[in-house]
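The structure appears below as structure tokens.
Just so you know, all these numbers are worked out from the coordinates, no wet-lab data involved. These numbers were taken from a predicted model, which means no experiment stands behind them. Positions of Cβ are generated from backbone atoms using ideal geometry, with glycine treated the same way; all protein chains shown enter the neighbour counts.
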Amino acid sequence: MSSKDVLEQALKLKPDERFMVIEGIIKSLDEPDSSLDTLWADEAEKRLKAYRAGNLEGIPMEEIFKEE
């Protein structure tokens, strides 16, 4: 079934049924990707090691969030 067919079928549903379909699709797009968590954790660890070794300079929070 093509996406056009799915849309045509969905438009035939009652409004509350269409809402359920939309909600389910949106939730499926918002599922966390555990591989991204691993990548970010590795990157954070790498940056922390570089900072502690003096190879990476920190920026004060006030500087980051100051309004210009």
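Hey, what angle do you get for helix 34-52 against the long axis of the chain, alpha-carbon based, 0 to 90 degrees rounded to 10?
10 degrees
Grab the DSSP H runs of the chain that are 4 residues or longer, score each as -39,500 (n - 2.57), total them, divide by all residues and round the 222 nm result to the nearest 500 deg cm²/dmol. Display every interim value, and only then the final one.
Working: 4 runs with 48 residues, N = 68.
After summing the helix terms and dividing by the residues of the chain, the value is -22000 deg cm²/dmol.
Just to compare against my own numbers: the Cα pair-distance distribution for the chain, 10 Å bins, whole % per bin, please.
15, 22, 18, 16, 16, 12, 0
State the answer as a single residue: which of Pro15, Leu48, Thr38 lies farthest towards the positive end of the charge dipole of the chain, with beta carbon charges of +1 for Lys and Arg and -1 for Asp and Glu, about the Cα centre.
Pro15
Subtract the Cα-Cα distance of Phe65 and Asp5 from 0.36 nm times their separation in residues, and report this length gain in nm to one decimal.
Extending this stretch completely gives an extra 16.7 nm.
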